[in-house]
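**Q** The structure is given below, and queries will be raised subsequently.
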Amino acid sequence: MTSNTILTESLHTSGVYAKRELVIVRGEGALLYDEQGHQYIDCVGAQGVANLGHAHPAIAAAIAAQAQVLISCPEMFYNDKRALLEERLASLTGMPRVFLCNSGTEAIEAAIKFARVTTGRAGIIAAMRGFHGRTYGALSATWNKKYREGVEPLVPGFTHVPYNNLDKLKEAVTESTAAVLLEAVQGEGGVYPASQEYLLEAQAFCRERGALLVIDEVQTGLGRTGRWFAYQHYGLEPDLVCVAKSLAGGVPIGATLIGPRLREIPTGIHGSTFGGNPLACAAALAALDVIEPERLPERAAELGAYLIQQLRAIPAPVVREVRGLGLIVGIELKQKAAPYIQALTEHGVLALNAGMNVIRLLPPLVITQSEIDQVLAALQIVLKD
Ligand SMILES: Cc1ncc(COP(=O)(O)O)c(C=O)c1O
């Protein structure tokens, strides 16, 4: 029997989402439950939001406490929680300033504007297979035409170059390039980590040519790859870093971190009504307070290395390659991933795709070793079938 929730949503939802026949009503740690009480190990991780797992008591308590004090406070006023969060982000990254907003795409929009206004240049170079969001600026930087078709014209000034190809990047950067915008590990594009040489030389070349380096950490940030931020694996010092998804433990937030080399950003050039609201800031402070003592980046590094190693050992001819960094893991198949993801659901594991052929795993970083082993057991059965 079709559930009432599915019937109601099907009647009233916008239609822009491809949905699965599953009504999720509750979560705890790395587990999710549907309305019949079936349990799933969550390797979707709310698309990279749920790094701390579901219903983390510290996040719930911080939200409840802040809601009783102050939820809204636009940036025309100063606010205690916002100040603390800005200070924390600055001390974590060495990037002294931050623009707070509400989502990943907004963090990218801000970075594009800041790059243009501080360099006086218009050009933005992004990578093929890159994904940066769906509002017009971020969409113009996004590669896959399935997100763009039918909604053009996009914003002028954007070009795309092959990822991990330094020569092509060097050819594309000119004196009108404001910024090069890259993910350190391409997520939606198929889970492709950048090479060390590529990112370091891209940074050096940008500096030489007066262009800024913007790193999109929306999916990779906050411990996912085994470091606080993926760019730290590479020893980079980016000019702008975009963060969102898991920053506030599941409460909507975005942040554009602004490095010391950027010129001053003019007052009034950008803004957001909800940006820097005390509720999201209090949740983010609580999330940062969990990540450190629970050693989530280290956990992601250890469990991710184990997961990738075990996956590579599965003798399944359908698998072309296993890639990843920490707990962002891609299993590239020689066939479409969708039927395998459906089969995984039947074995109690929720997973994502990344493009047509890649099964992507983004479990909460609090996932246990035994849950990882259950995921591996399910994958072993499904990939062999
Ligand atoms: C790398 C990257 N950048 C930007 C975005 C856009 O974030 P949001 O969906 O919060 O707008 C995403 C979302 O998946 C992402 O993975």
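Each reported figure results from applying straightforward, stated rules to the coordinates on display, with no laboratory input. Small disclaimer: the values here were computed from a predicted structure and weren't measured. Positions of Cβ are generated from backbone atoms using ideal geometry, with glycine treated the same way; all protein chains shown enter the neighbour counts.
**Q** Anyone know which of Thr142, Thr368, Thr225 comes out most mobile in the 10 Å Cα GNM of the chain?
**A** Ranking Thr142, Thr368, Thr225 by mean-square fluctuation puts Thr368 first.
**Q** With no solvent and one point on each alpha carbon, what is the Debye value of log10 I(q)/I(0) for the chain at q = 0.07, 0.08, 0.14 Å⁻¹?
**A** Debye curve over Cα of the chain, log10 I(q)/I(0) at q = 0.07, 0.08, 0.14 Å⁻¹: -0.31, -0.41, -1.28.
**Q** Oh, and also: Using a Gaussian network model of the chain whose springs link C-alpha atoms within less than 10 Å, name the residue from Leu257, Leu92, Leu279 with the highest mean-square fluctuation.
**A** Among Leu257, Leu92, Leu279, the largest GNM mean-square fluctuation belongs to Leu92.
**Q** For the chain, calculate the relative contact order in percent as a whole number, restricting contacts to Cα pairs under 8 Å that are 6 or more residues apart. Intermediate results must be reported in sequence, preceding the final value.
**A** On the way: 805 pairs, mean separation 84.4, N = 385.
It rounds to 22 percent for the chain.
**Q** Hey, any idea what Rg/Rh is for the range 1-66, computing Rh the Kirkwood way over Cα pairs?
**A** 1.03
**Q** Just the number, please: percent antiparallel of the DSSP beta bridges in the chain, rounded to the nearest 5.
**A** Restricted to the chain, the bridges split so that about 65 percent are antiparallel.
**Q** Could you work out how far apart the two model spin labels at Leu11 and Met76 are, taking each label as a point 7 Å from the Cα in the direction of the beta carbon, and quote it in nm?
**A** 4.1
**Q** Pairs of alpha-carbon atoms within less than 8 angstrom and 6+ residues apart define the contacts here; what relative contact order does the range 1-102 have, in percent? Walk me through the numbers before you get to the answer.
**A** Values: 58 pairs, mean separation 13.8, N = 102.
Reported relative contact order: 14 percent.
**Q** Here is a further query. Counting other C-beta atoms within 10 Å, which of Arg261, Arg121 has the fewest, and how do the rest follow?
**A** Fewest-to-most ranking of Arg261, Arg121: Arg261, Arg121.
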